Amino acid sequence: ANAGGTGKKTIGVSMPEFHSLFYVAAVDGMKKAAADEGYELVVLNANGNSSQQVNQVQNLVTQQVGAVIFAMQDATAGAAGVAEAKGANIPVIAIDQRPQGDVTTFIGSDSVKASTELCDYLAKQMGGKGNLAIIKGVLGSSTEIERSKGCGSILEKNPDIKVVSTTNADWDENKAYNVAQDVLTANPELQAIFAQNDGMALGAAKAAAQAGRSNLKIVSVDGFPQVYDAIESGQVLATMSQEPYQMGELAVRTAIKAMSGEAGSIQKEQLQPTVLVTKENLEEARSAGYYGPAK
Amino acid sequence: MSILSTGPAPLNGGSLTEEPNALKGIGLTKQYGGNTVLHGVDITLRAGTVLGFIGENGAGKSTLSSILAGIKSPDAGEMFLNGLPYAPTGPASALNSGVAIIHQEIKMVPRLSVAENMFLGRWPKKRGRVDTTSMAEQAEAALAVLGAKINPRRAVAGLSMAAQQEIEIAKAILRDPSYVIFDEPSASLGQEETEKVLDQIRVLRDRGAGVIYISHRLDEISAIADEILCLRDGHRAMAWETGEVSKDQMIRAMVGREFVYAHEAPKPAEPDVVLEVKNLARQGVFSDISFSVRKGEILGLSGLVGAGRTEVVRTLAGADRADAGTIAVDGKPVKISNVASAIRQGIFMVPEDRKGQGLNLGRSGGENMVLPWEKTLTPSGFVSNRTVKRVEREQAQELDIRGNLDIPVLFLSGGNQQKVLLAKWLVRKPKVLILDEPTRGVDVGAKAAIYEIVRKLAASGVAIIVVSSELEEVLGLSHRVLVMAGGQQRGILNREEALPDRVMELSVP
Amino acid sequence: MQTRIKQLAKNIPGPVVGLVVICIAMSLLSPYFLTPNNLINVLSQVSYIGMMAVGAALVIILGGIDLSVGSTMALSFMATAFLYKEIGLPFWLAMVCGLLLGAFIGLVNGLLVTFGHVQPFIATLATMFAGAGLALYITNGNPVIGFPDWFLGLSRTRMLGIPLQVYLMLLVFVLAALWLRYRPSGRQLYAIGGNEEVARLSGISVRLAQARVYVIAGFLAALAGLAVGARLDSAQPTAGSASDLLSVIAAVVIGGASLSGGVGSMFSTFIGLLIIGVLNNGLTLLNVSPNLQPVVIGVVIVLAVISDRGNLPLKRT
Amino acid sequence: MQTRIKQLAKNIPGPVVGLVVICIAMSLLSPYFLTPNNLINVLSQVSYIGMMAVGAALVIILGGIDLSVGSTMALSFMATAFLYKEIGLPFWLAMVCGLLLGAFIGLVNGLLVTFGHVQPFIATLATMFAGAGLALYITNGNPVIGFPDWFLGLSRTRMLGIPLQVYLMLLVFVLAALWLRYRPSGRQLYAIGGNEEVARLSGISVRLAQARVYVIAGFLAALAGLAVGARLDSAQPTAGSASDLLSVIAAVVIGGASLSGGVGSMFSTFIGLLIIGVLNNGLTLLNVSPNLQPVVIGVVIVLAVISDRGNLPLKRT
Ligand SMILES: Nc1ncnc2c1ncn2[C@@H]1O[C@H](COP(=O)(O)OP(=O)(O)OP(=O)(O)O)[C@@H](O)[C@H]1O
Ligand SMILES: Nc1ncnc2c1ncn2[C@@H]1O[C@H](COP(=O)(O)OP(=O)(O)OP(=O)(O)O)[C@@H](O)[C@H]1O
Ligand SMILES: O[C@@H]1[C@@H](O)[C@H](O)OC[C@H]1O
Ligand SMILES: [Mg+2]
Ligand SMILES: [Mg+2]
């Protein structure tokens, strides 16, 4: 439909929240690419509210932006946003979370796979047995669901690993600190914690340090620079790094492609690699700049 | 100060201001949205005297008092305190200058203790801390001066209006002001309490304070005033430099015409009993109350403040529940479990506390009047503004309510508020009408009008119960008088037996 | 003549002035703002907030508060989705059940407040927590998708270019306004909110009125849930977040209602709603940085109400 | 004797009974609950909520409300971090600036409420939005890390096994309680909250008192920000979320304060705080499903207050 290209120089970006550094880095990447290419970005923040996010996409459409880059607040709320943009013939680039509707492309990690690998690594480090606690992110968000699923598949294969506690800390470091304190209290025989993102892992690590339980194996997903430091100091065992900065750059480049009428050549799915980062490959990961050039 | 006093002479000439021991207002004017309620009024309150202050409802007495006490600021005019310019910026600054006021409406924080209320804003301190012990002691002492037996440590909530009024007075006394304004302190007091207040005022005066005393009870004015000032429609209508003024003269100055009201014997009641109460009781409040009211009969309920009269009538009206006893209407026993069921039986009550229990202050007169009747006001069950306005107009005419009824009733003068409250319960014809202190704070004219309404209602067959702390009112209106003391029924007197002495005798617990 | 106009201007409530000024500013700053399509968007964006705001306004006029509307919205539509997908009820029946569940939660609030003598803030805080938890519990946090086409169609259908949910919201507003204005059971909310004791002594059954209003608020929250569900094409357990709740109450209060009760109207709530909707919409159109948007919203809200001196004399004499 | 005990029992406020019952239940259900370490954890987990709750309680007693505490907490510590890392101020000075910023936001609230005649709900909603936006704006959403060791040390340091922040919170509570009880400027809050008009007529400068309390609330929010910062070793722009705000107000109200003002105390706020803290802690110890936790919290909150009939007679005459 938009074979001739829109000729517009504005790209709308709708982010669910800036609670997670992941989204901050993704937007940094987008800004970089947009500046390189001479495009303008309109960045919106839905503050964790899916209805609000659909409204914002609608407003981007009204503004007649050339393309929309879209990370949904939750797994299916995207449909309405995508429908909105499609109705106006605006290409949609979904990032981080796979939307329901038909989008130009999806750029993100495979969260099920990532957490499967992560928990597999953890299971091996635990020697296939012991007590594990899980700290979940925002309940009902797709990353929470997929990460629970991926890790669950490994736990099924390791019957000797007992999940002694499942809690929720809304991706939030401070909440995770409090929750982890209680989890540690209730489980003196705890060996490991799977925090579903790095922010919560940091909170858990601090609670463990404070409780003098530095022998805990904490793993999580994201690859925040702060967590690399924590891996170095031994507070965190491993993280599954995502590449938000690069995803952001790629999203803008893909959007520009779609806007200049080359939508046909864009793959429907552009899965980005995730990298298991442990003490062994720490330096390598640091220099890769998944969260943007070092500040 | 010094700059001001060396400036040009004030408009009305220097001599006016030079009175060293007086609180003076010159040309005081106040407007509310284009409506002038005070027209350049002059007033002089001399130290060591009592200025009686009279005028119809809405004449501007409270407005003028508020200006003197720094609560409202005048739109024009100036004030002098002991010869110096006086322009209070608020109640605090007036208090600091030694001018205090006891408000027409009781102003208390119900949840705080009595002592705390008395010391609000000027707590006694010891080493930087509020000294609660001395606070309670001083409060107790001040209350004792008034002869009030109130525990200063208890919360104000739950105290009777009379007790709260006493606290207000004690509070003002505590501040040891050189000028005090009493804005209708007696409205919620019985005779005995009023006497005590008057005595207290005499003490204040003899100590050198200047006192303004506002009342609609002209006997009190005669008893206490050294000078009298009368306002009419915001104008200074008349001033006497003596308290020896006849009631007729005062009334003429207030209403602008001759006016005498004399209670006459009411029309005889009809034989059928409308309301029959037997052995009514509420634990700890009153017990063993039995009486009946006939068609067209006015039954007065007398007693000292706190005797439990209000509690009895509240129970009849469904506001509280009885623990024992029976109530029959037209010979049939009825169960009154809430106000709605009392209303269904035709028992309506005009409560004593018009601001707290009677009126929704934020709404218009009409909206207040229709409140209990909305469901039956129109056949369709829809209440339109037109309907409300119609009721408002009819009632205003019927009861001669003046003033703008379309604004929130908050802005009406006390007398007109009382009439609106009465009107609310006369939209439908009652079978039994209970009036608890129906003329509290109402001027002579309006009072007479209310009496006429009560008589007319009785004549039309309504059974009426009147609770009043004004002996003259109960005795003048009623066919029979039931006297209570300490929650007990002390006797029922026929009109002929109900002489003041006899009633007082029964009232004493 | 001039004073007449001044007089008139004085009587226009502050929020209306605020709204008009915001709209003028937006249309000067963005060419997209004053297009029919965009204005319709604004309305459809606020429609679910609007439905909840009607209920919240009724509760607030009565002198209460309802914190549970957001989570009631989420739970009742999750229940609908669950009954349809898992239990296999026909969708219309599942919808009815969802609406009844909303009303039931309202009833719980109402009973806690009236017979339990629990402060409205606490009662509805508790049901808010409970509702949010149950919404997650039903499907273990998973959203539900796949509703009948006609249901989704509802959100796509437009009459005269305006989406159905906008009509629904307007209908709710109009009905509530008529009720408040003309029906005794509605009018008495002002009396109760103004002075509960006066209302009681006037023969009004205060508890019944209170309970009824909480039920209405719960029902409307469930209705809002349907609107959101049709629009998002999914049932989200985490819908109706704290920020929605804040928007709902803010709409009512910005419109001029007082949290101490007795004051407020449907018209003014609608104005408050539009102020919020236009601000969110306009700032996006203007490309204001997402971090600064809340700052602008905060400042504009204050400016929109600060000019409103209408109610003051009631408060300070 | 028996009646004496009954009398005594009657005088114990409902929330205290609720707290005791919850604690007994928790210690029966979990062997870890009643350990000194766990109890200290509970205290340290609620310490930042507690500091904000003190400010919120003062505002609520006064008859107002402060929605901005959470975002003030985030913004003021972000400002401290920014001044230290980017501007290069010595850390202690940056801290002082952060605290002053908190007080300043409170002052803005206070001025809007007193001189602007803006309803407290709206005024603090506006500053809440503005604060949250600015916190994100300062570093474009990035958290800041890397504070002086002594600062982090503060959160690690324990006296008698209890973390410093717990002492800080207790100190704040005690000072506020003494102020409320013994200082005229504190006592007058009850008068103002109970009846603003009466307070004014008694010569109390109501506006000054109101403004002062909002300033205190802002300052305490900033103090809470320092406590969170030292604990997390980072400045988070999104700290102080809506759920924190809800916890803060809930603590005050569960304790028994009335949102219409004039009622409440530091002791009861502390009880409310502990109820929230113990519930969160206990349910985690018991490994209750995270989806069901809010449900349990909701139910327990109602049960904890429903027994409290202490205030009733005062409400209905
Ligand atoms: N805030 C206000 N707004 C508008 N009108 C007001 C306001 N306060 C008083 N008024 C009007 O001013 C006039 C004078 O009222 P004021 O209270 O001074 O009368 P008053 O002589 O004290 O009467 P009463 O004997 O009934 O107490 C009345 O008509 C009243 O309605
Ligand atoms: N709400 C209340 N709570 C507790 N006690 C009350 C309450 N109202 C009144 N009382 C007490 O009940 C007793 C009788 O009440 P009240 O003073 O109203 O009687 P009354 O004879 O009608 O006198 P009044 O002349 O004041 O109307 C008094 O001792 C009073 O203190
Ligand atoms: O993938 C993202 C996750 O890693 C981040 O921390 O929180 C939001 C997620 O969607
Ligand atoms: Mg008066
Ligand atoms: Mg009485």
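The values are calculated or read from the model by the stated rules, or taken from the named source; none is laboratory data. Everything quoted here is computed from the prediction, not taken from an experiment. Note that we place each Cβ from the backbone using ideal geometry, even for glycine, and neighbour counts take in every protein chain shown. With ligands, DNA and RNA removed, areas are computed over all heavy atoms of the protein, side chains included. Shrake-Rupley method; radii C 1.70, N 1.55, O 1.52, S 1.80 Å.
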In the range C:153-170, is there at least one residue being in contact (Cβ under 8 Å) with a residue 40 or more places away in the chain, part of a helix (DSSP H, G or I) and either of a type in the set (Phe, Trp, Tyr) or within 7 Å of another protein chain (Cβ to nearest Cβ) (or both)?
no
Name the residues in the range D:227-255 that are open to solvent by 20 Å² or more (accessible area, probe 1.4 Å) and either more than 14 Å from chain C (Cβ to nearest Cβ) or over 11 Å from the mean Cα position of the chain (by Cα) (or both), would you?
D:233, D:236, D:238, D:239, D:241, D:242, D:243
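Whether any residue in the range D:183-199 is basic (Lys, Arg) and surrounded by fewer than 24 Cβ atoms within 10 Å (Cβ to Cβ) is what I want to check. Steps first, answer last, please.
Quick first cut of the range D:183-199, residues basic (Lys, Arg) only: D:183, D:187.
Restricting the remaining residues to those that are surrounded by fewer than 24 Cβ atoms within 10 Å (Cβ to Cβ) gives D:183, D:187.
Looking for residues that are basic (Lys, Arg) and surrounded by fewer than 24 Cβ atoms within 10 Å (Cβ to Cβ), one finds at least one in the range D:183-199, hence yes.
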For the range B:346-358, give me each residue that is away from ligand 5 (no atom under 16 Å from the Cβ) and crowded, with 22+ Cβ neighbours inside 10 Å.
B:347, B:348
Restricting the search to the range D:161-174, which residues are within 14 Å of the chain's Cα centre (by Cα) and either of a type in the set (A, V, I, L, M, F, W, C) or open to solvent by 50 Å² or more (accessible area, probe 1.4 Å) (or both)?
D:166, D:168, D:169, D:170, D:171, D:172, D:173, D:174
Among the listed residues D:99, D:75, D:67, identify the single one that is out of contact with any Ser or Thr (no Cβ under 8 Å at 6 or more places or on another chain) and either closer than 30 Å to residue B:112 by Cα or of a type outside the set (Asp, Glu) (or both).
D:75
What single numbered condition from (1) under 30 Å from residue B:245 (Cα atoms); (2) more than 16 Å from ligand 4 (Cβ to nearest atom); (3) open to solvent by 30 Å² or more (accessible area, probe 1.4 Å); (4) at pLDDT below 90 fails to hold for residue B:83?
(3)
Test: residue B:442 is of a type in the set (A, V, I, L, M, F, W, C) and at pLDDT below 90
yes
Index of the failed condition, residue D:138 passing every other in (1) within 14 Å of chain C (Cβ to nearest Cβ); (2) open to solvent by less than 30 Å² (accessible area, probe 1.4 Å)
(2)
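Residues in the range A:259-270: is at least one open to solvent by 40 Å² or more (accessible area, probe 1.4 Å) and in a helix (DSSP H, G or I)? Steps first, please.
Within the range A:259-270, the first condition is being open to solvent by 40 Å² or more (accessible area, probe 1.4 Å), and the residues that meet it are A:260, A:262, A:264-265, A:267-269.
If we keep only those that are in a helix (DSSP H, G or I) as well, we get A:264-265.
There is at least one residue in the range A:259-270 that is open to solvent by 40 Å² or more (accessible area, probe 1.4 Å) and in a helix (DSSP H, G or I).
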Since residue B:302 meets every condition but one in (1) among the small types (Gly, Ala, Ser); (2) farther than 21 Å from residue C:201 by Cβ; (3) not in a strand (DSSP E or B), which condition does it not meet?
(3)
Filter the range C:181-240 for residues that are assigned to a helix (DSSP H, G or I) and among the basic types (Lys, Arg) and give the result.
C:181, C:187, C:200, C:207, C:212, C:231
Restricted to the range B:360-391 and to residues being away from chain C (no Cβ under 12 Å) and open to solvent by 20 Å² or more (accessible area, probe 1.4 Å), the residue nearest to ligand 4 (Cβ to nearest atom) is B:389
How about the range B:184-284: which strands (runs of 3 or more DSSP E) wholly inside it have at least 2 residues that are open to solvent by less than 50 Å² (accessible area, probe 1.4 Å) and touching a Phe, Trp or Tyr at 6+ places or on another chain (Cβ under 7 Å)?
B:210-214, B:227-232
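Give the range B:357-378 a look and list any residue that's assigned to a helix (DSSP H, G or I) and more than 18 Å from residue B:342 (Cβ to Cβ), or say none.
Initially, the range B:357-378 is screened for residues assigned to a helix (DSSP H, G or I), giving B:357-358, B:365-377.
Matches in the range B:357-378: B:365, B:366, B:367, B:368, B:369, B:370, B:377.
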Filter the range A:116-165 for residues that are more than 24 Å from the chain's Cα centre (by Cα) and β-branched (Val, Ile, Thr); the one that is surrounded by the most Cβ atoms within 10 Å (Cβ to Cβ) is A:161
Quick check on the range C:205-226. Is at least one of its residues within 10 Å of chain D (Cβ to nearest Cβ), out of contact with any Asp or Glu (no Cβ under 8 Å at 6 or more places or on another chain) and within 30 Å of residue B:342 (Cβ to Cβ)?
no
Condition (residue is open to solvent by less than 10 Å² (accessible area, probe 1.4 Å) and either within 7 Å of another protein chain (Cβ to nearest Cβ) or modelled with pLDDT of 85 or more (or both)) applied to the range A:33-41: is it met by at least one residue?
yes
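One line per residue, one yes/no per condition, for (1) away from ligand 2 (no atom under 16 Å from the Cβ); (2) of a type in the set (A, V, I, L, M, F, W, C); (3) not in a strand (DSSP E or B):
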| position | (1), (2), (3) |
| --- | --- |
| A:204 | yes, yes, yes |
| A:207 | yes, yes, yes |
| A:240 | yes, yes, no |
| A:245 | yes, no, yes |
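Only one residue in D:96, D:108, D:54 is within 14 Å of chain C (Cβ to nearest Cβ) and not polar (S, T, N, Q). Which one?
Details: D:96 fails: within 14 Å of chain C (Cβ to nearest Cβ); D:54 fails: within 14 Å of chain C (Cβ to nearest Cβ).
None of the others qualify; the one that does is D:108.
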Return the total of residues in the range A:17-32 being assigned to a helix (DSSP H, G or I), open to solvent by 10 Å² or more (accessible area, probe 1.4 Å), touching a strand residue (DSSP E or B) at 6+ places or on another chain (Cβ under 8 Å) and not aromatic (Phe, Trp, Tyr).
2
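Determine which member of the set B:380, B:341 is modelled with pLDDT under 90 and of a type outside the set (Lys, Arg). Spell out how you get there, then give the answer.
On the way: B:341 fails: modelled with pLDDT under 90.
Answer to the selection: B:380.
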Looking at the range B:340-349, is at least one residue assigned to a strand (DSSP E or B), free of Cβ contacts under 8 Å to residues at least 24 places away in the same chain, assigned by the TED database to the domain that holds residue B:450 and away from ligand 2 (no atom under 16 Å from the Cβ)?
no
One residue from C:124, C:139 being touching a helix residue (DSSP H, G or I) at 6+ places or on another chain (Cβ under 8 Å), modelled with pLDDT of 90 or more and among the hydroxyl-bearing types (Ser, Thr, Tyr)
C:124
Which members of the range D:55-89 meet the condition of being within 15 Å of residue D:261 (Cα to Cα) and assigned to a helix (DSSP H, G or I)?
D:55, D:56, D:57, D:58, D:59, D:60, D:61
Being β-branched (Val, Ile, Thr) and surrounded by 22 or more Cβ atoms within 10 Å (Cβ to Cβ) is the filter here; which residues of the range B:285-312 pass it?
B:289, B:293, B:298, B:310, B:312
Can you spot a residue in the range B:46-56 that is buried (at least 19 other Cβ atoms within 10 Å of the Cβ), among the aromatic types (Phe, Trp, Tyr), closer than 16 Å to residue B:177 by Cα and at pLDDT 90 or above?
no
